[in-house]
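Novice: Mind looking over this structure? Questions follow.
The values are calculated or read from the model by the stated rules, or taken from the named source; none is laboratory data. As the structure is a computational prediction, the values presented were derived from the model and not from experiment. No Cβ is skipped: glycine too gets one built from the backbone with ideal geometry, and neighbour counts run over all protein chains shown.
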Amino acid sequence: MRKKIIAGNWKMNKSFEEGMALVTEIIGMVKDEYQGSAEVVIIPPFIHLNAINRMVAEINNISSGAQNCSNHESGAYTGEISAGMIKSIGAEYVIVGHSERRQYFGEHNDWLAKKIDAVIKNNLTPIYCVGETLDERENNKHFEILKQQISEGIFHLGADEIKKVVIAYEPVWAIGTGKTATTAQAQEVHAYIRTLIATHYNTDIAAAITIQYGGSVKPENAAELFASPDIDGALVGGAALQSRSFVDIIKAMK
Ligand code: PEP
């Protein structure tokens, strides 16, 4: 059975002190209130990551991850953080290709394919984000765009490597807007992504890959989304910034 993963992407939010307080609350609440099988991933700003990883390292169902990494191993790349550095502190996941990085930092599929390689080479799990803009959806181009993002970003991987990838479907029009894709819209895309993987690799691999949904996931809509057969968890932004809402989303995954 494939892994269910609820990840909280804090983006560029929380001072160090606020971050420590938030993760302390999340750990306590998950321990006390969650008996399900999903893995919880805390994805804070880089500067908080080492401390947070130490706090979750001994907890079975909670791990940590980074919001981005360099596609280079090391060297004269001022301001960058390598996948090797992330691995060296014990974090386990790296978001690759979040729509904010595609949109504001010009990260394209070919560039992201190199980041995916760096992440996998360092034995970390990439959470590869894909999703269409509102304009692309309204012009019925979403399947075409998703196919391009997936084939150019991850289909160069071999069968053993692709199994290590988590995919997050995040329609850009639903991120931070309060608009969630309907469960039917999300399920349709998740099933489409699984078919793409089955066609390029095989059905066993497609069945084993975790596909998260992201885009204004809240306690109110999480259970319905998670009841869909191809939705294996969530990548959560805004609602991950408060312990109560984040843990209520986690609890919606049985
Ligand atoms: C995200 O940033 O990945 C995200 C899904 O944000 P939000 O939940 O705020 O829409």
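Novice: Out of the residues in segment 113-144 meeting the condition of being out of contact with any strand residue (DSSP E or B) (no Cβ under 8 Å at 6 or more places or on another chain) and aliphatic (A, V, I, L, M), tell me which one is surrounded by the fewest Cβ atoms within 10 Å (Cβ to Cβ).
Specialist: If we take residues in segment 113-144 being out of contact with any strand residue (DSSP E or B) (no Cβ under 8 Å at 6 or more places or on another chain) and aliphatic (A, V, I, L, M), then L134 is surrounded by the fewest Cβ atoms within 10 Å (Cβ to Cβ).
Novice: May I pose another question? Taking the conditions exactly as written (in contact (Cβ under 8 Å) with a residue 24 or more places away in the chain and within 21 Å of L225 (Cα to Cα)), does I193 satisfy them or not?
Specialist: Criteria met by I193.
Novice: Here is a further query. Restricting to segment 211-225, give me the number of residues that are crowded, with 18+ Cβ neighbours inside 10 Å and either without any contact (Cβ under 8 Å) to a residue 40 or more places away in the chain or in a loop (DSSP other than H, G, I, E, B) (or both).
Specialist: Adding up the residues that qualify gives 4.
Novice: Does K14 meet the test of being in a loop (DSSP other than H, G, I, E, B), out of contact with any helix residue (DSSP H, G or I) (no Cβ under 6 Å at 6 or more places or on another chain) and modelled with pLDDT of 95 or more?
Specialist: Here the answer is yes, as K14 does meet what is asked.
Novice: Suppose the filter is farther than 19 Å from G215 by Cβ and either in contact with a Cys (Cβ under 9 Å, 6 or more places away or on another chain) or free of Cβ contacts under 8 Å to residues at least 24 places away in the same chain (or both); does A118 pass it?
Specialist: yes
Novice: So which helices (runs of 4 or more DSSP H) are wholly in segment 92-183 and hold at least 3 residues that are within 19 Å of I197 (Cα to Cα) and at pLDDT 95 or above?
Specialist: 109-121, 142-154, 159-162
Novice: Which residues, taken from segment 52-72, are over 29 Å from T177 (Cβ atoms) and either within 16 Å of the ligand (Cβ to nearest atom) or surrounded by 13 or more Cβ atoms within 10 Å (Cβ to Cβ) (or both)?
Specialist: If the condition is that a residue be over 29 Å from T177 (Cβ atoms) and either within 16 Å of the ligand (Cβ to nearest atom) or surrounded by 13 or more Cβ atoms within 10 Å (Cβ to Cβ) (or both), then N53, M55, V56, A57, N61, S70, N71, H72 are the ones that fit.
Novice: Going by the structure shown, is A234 in contact (Cβ under 8 Å) with a residue 40 or more places away in the chain and either touching a Gly at 6+ places or on another chain (Cβ under 8 Å) or crowded, with 18+ Cβ neighbours inside 10 Å (or both)?
Specialist: When the stated conditions are applied, A234 passes them.
Novice: If I ask for residues that are closer than 21 Å to V30 by Cβ and not polar (S, T, N, Q), which ones from segment 51-73 would you list?
Specialist: Within segment 51-73, A51, I52, R54, M55, V56, A57, E58, I59, I62, G65, A66 qualify.
Novice: T183 fails exactly one of the following numbered conditions: (1) over 21 Å from Y104 (Cα atoms); (2) more than 16 Å from the ligand (Cβ to nearest atom); (3) among the polar types (S, T, N, Q). What is the number of that condition?
Specialist: (2)
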